[in-house]
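Comments concern the structure below.
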Amino acid sequence: MAQPKTLLRKLWDAHVVSEADDGTALIYVDLHLINEVTSPQAFESLTLRGRKPWRTGSIVSTADHNVPTTLRARGITDPLARLQVETLAANCARLGIRHYGMNDPHQGILHVVAPELGITQPGMTVVCGDSHTSTHGAFATLAFGVGTSEIEHVLATQCLRMAPLKAMRVTVSGKLGTHVSSKDLALAVIARIGTSGGVGHALEFSGEAIAALSMEARMTLCNMSIESGARIGLIGVDDTTVAYLRGRPDAPTEADWPEAERHWRGFVSDLGAVFDAEISLAAEEIAPRVTWGTAPDMSSPVSGVVPDPDTLADPTRRAAFRDALAYMDLTPGTPITDIRPDKIFIGSCTNARIEDLRIAAAVVRGRRVADGIRQALVVPGSGQVKADAEREGLDRIFRDAGFEWRDAGCSMCLGMNDDRLGRGERCASTSNRNFEGRQGAGGRSHLVSPAMAAAAAIAGHFVDIREFEGDRR
């Protein structure tokens, strides 16, 4: 009788070209996503070596990090950013690579575009020069970020050498409470295991609470798995996965659908499969969370307070907490609900899908952004998300409330474009990282869910979305 396998092992075994005695393997890559920031050097090196991509049909490209999200007709004003975007387009045109240019209706953040078009499919290996490629693991794919030299290697050979990973199962029992999101769940997991707890592992999420999540919510969860130190986040295929993919432009045709679905449904962990590590959480115990520090594991329930570093026994962690509070200009014991952001950012590959915008719009409908908020941005994750939102009237809801409605792109997730924080500015952000300077030099980032960010915009400070009753006009 065959030994039960984890989902990680099934994906690994399906893509091994060769394997060394130490377990290191040459892995075949099915889908290669490229952007303007990490690909130019790889293409240049490939050209200098007189080589071409092994399989251009496996590559999908769009500019997302550097593109402006407003006044796009004016073009990109920063010369380096403009050069990167133009170089990507030129490389793709020269080599016949599928590319969604800055003004293409499907342009957007790669980790939003590929799933919504049905390009990402169960059982694949997916790589990209971006750490949050883990997003695609929501579709039971072996998906992870790679560096510039690895990008070149995949372009040239369609393969990548990888060290073996361990499998960690994160089981979430029960049902998430009203207004508690997969973003809150992700922050709770990271707070539990730390930013290095997942190092060397692929995290597979399972349990009743995971099965109840939409695909958009699952993508958020897998997107954030990298913040625990894990290389990969995984969720097995089920009815929700299959229903999401049906009818998308790059999904299998109706004639091929039965065979594709049969193949996909095998990408689940077998009953009795042994994991290298296991953790469990009760969904009912998870509350909306807010990060107060400079790493994703530094978060508290919104009903809590900024912690006191002196209560920590570990001197290294105690020092890290002190440094974080100094940078964030926060005092131990401060209620989370007393923290007042200057700016609001709803967007990024973590939370810029149509479901995220619907949730945020439901909070702000008929309300106004508080006077103390200097700027509130809503940045769709793709041109398709933007078009869908506008058809539903979500853009009008946000504009009426005082938000700025933007074009698709990474935007204020990171300080690489015109959307950024000023020194000392505090942001309620739906993105994935709160490192020092992540959203702009000297900026202070608080990671939250779309609903929590929207409520903070209206109240002018963090509030418990479960109890929010802001006035409507």
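Here are a few things to note about the model shown:
- Residues that are touching a residue at least 12 places away in the same chain (Cβ under 8 Å), in contact with a strand residue (DSSP E or B) (Cβ under 9 Å, 6 or more places away or on another chain), surrounded by fewer than 24 Cβ atoms within 10 Å (Cβ to Cβ) and polar (S, T, N, Q) occur at least once in the stretch 197-217.
- Condition met for G442 (part of a loop (DSSP other than H, G, I, E, B), of a type in the set (G, A, S), modelled with pLDDT of 95 or more and open to solvent by 20 Å² or more (accessible area, probe 1.4 Å)): no
- Residue list for the stretch 377-411, filter: farther than 20 Å from I109 by Cα, of a type in the set (A, V, I, L, M) and open to solvent by less than 10 Å² (accessible area, probe 1.4 Å): A401
- Taken over the stretch 96-118, residues that are in contact with a Pro (Cβ under 6 Å, 6 or more places away or on another chain) and under 22 Å from W54 (Cβ atoms) amount to 0.
To keep it simple, each residue is scored yes or no on (1) closer than 22 Å to I193 by Cβ; (2) in a helix (DSSP H, G or I).
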| position | (1), (2) |
| --- | --- |
| A295 | yes, no |
| P307 | yes, no |
| A319 | yes, yes |
| A326 | no, yes |
| T331 | no, no |
| E355 | no, yes |
| A370 | no, no |
| P380 | no, no |
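Table: residues versus (1) without any contact (Cβ under 8 Å) to a residue 12 or more places away in the chain; (2) in contact with a strand residue (DSSP E or B) (Cβ under 7 Å, 6 or more places away or on another chain); (3) part of a loop (DSSP other than H, G, I, E, B); (4) of a type in the set (D, E, K, R).
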| residue | (1), (2), (3), (4) |
| --- | --- |
| A408 | no, yes, yes, no |
| M412 | no, yes, no, no |
| N417 | no, no, yes, no |
| L421 | no, yes, yes, no |
| C427 | no, yes, no, no |
| G437 | no, no, yes, no |
| A455 | no, no, no, no |
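- Only a single criterion out of (1) at pLDDT 95 or above; (2) exposed (fewer than 14 other Cβ atoms within 10 Å of the Cβ) is not satisfied by D314, namely (1).
- Across the stretch 99-118, the number of residues qualifying as open to solvent by 10 Å² or more (accessible area, probe 1.4 Å) and part of a loop (DSSP other than H, G, I, E, B) comes to 6.
- Residues in the stretch 240-252 that are of a type in the set (A, V, I, L, M, F, W, C), open to solvent by less than 20 Å² (accessible area, probe 1.4 Å) and part of a helix (DSSP H, G or I): V242, L245.
- Residues of the stretch 63-75 that are without any contact (Cβ under 8 Å) to a residue 24 or more places away in the chain and outside any helix (DSSP H, G or I): L71, G75.
- Residues of the stretch 27-48 that are touching a residue at least 40 places away in the same chain (Cβ under 8 Å), of a type in the set (D, E, K, R) and farther than 17 Å from D64 by Cα: D30 alone.
- Counted residues, the stretch 80-98 - those being in a strand (DSSP E or B) and open to solvent by less than 50 Å² (accessible area, probe 1.4 Å): 0
- Taken over the stretch 155-190, the criterion of being open to solvent by less than 10 Å² (accessible area, probe 1.4 Å), in a loop (DSSP other than H, G, I, E, B) and basic (K, R) is satisfied by no residue.
- Residues in the stretch 219-239 that are in contact (Cβ under 8 Å) with a residue 12 or more places away in the chain, assigned to a helix (DSSP H, G or I) and either open to solvent by 10 Å² or more (accessible area, probe 1.4 Å) or under 18 Å from A191 (Cα atoms) (or both): T220, L221, C222, N223, M224, S225, I226, E227, S228.
- L33 being crowded, with 18+ Cβ neighbours inside 10 Å, among the aliphatic types (A, V, I, L, M) and in a strand (DSSP E or B): yes
- Sole residue being open to solvent by 20 Å² or more (accessible area, probe 1.4 Å) and among the aliphatic types (A, V, I, L, M), chosen from A260, A255, A283: A255
The values are calculated or read from the model by the stated rules, or taken from the named source; none is laboratory data. Small disclaimer: the values here were computed from a predicted structure and weren't measured. All Cβ positions, glycine included, derive from the backbone under ideal geometry; neighbour counts span all protein chains shown. Remember, those area values only see protein heavy atoms, side chains included, never the ligands or the DNA or RNA. Shrake-Rupley method; radii C 1.70, N 1.55, O 1.52, S 1.80 Å.
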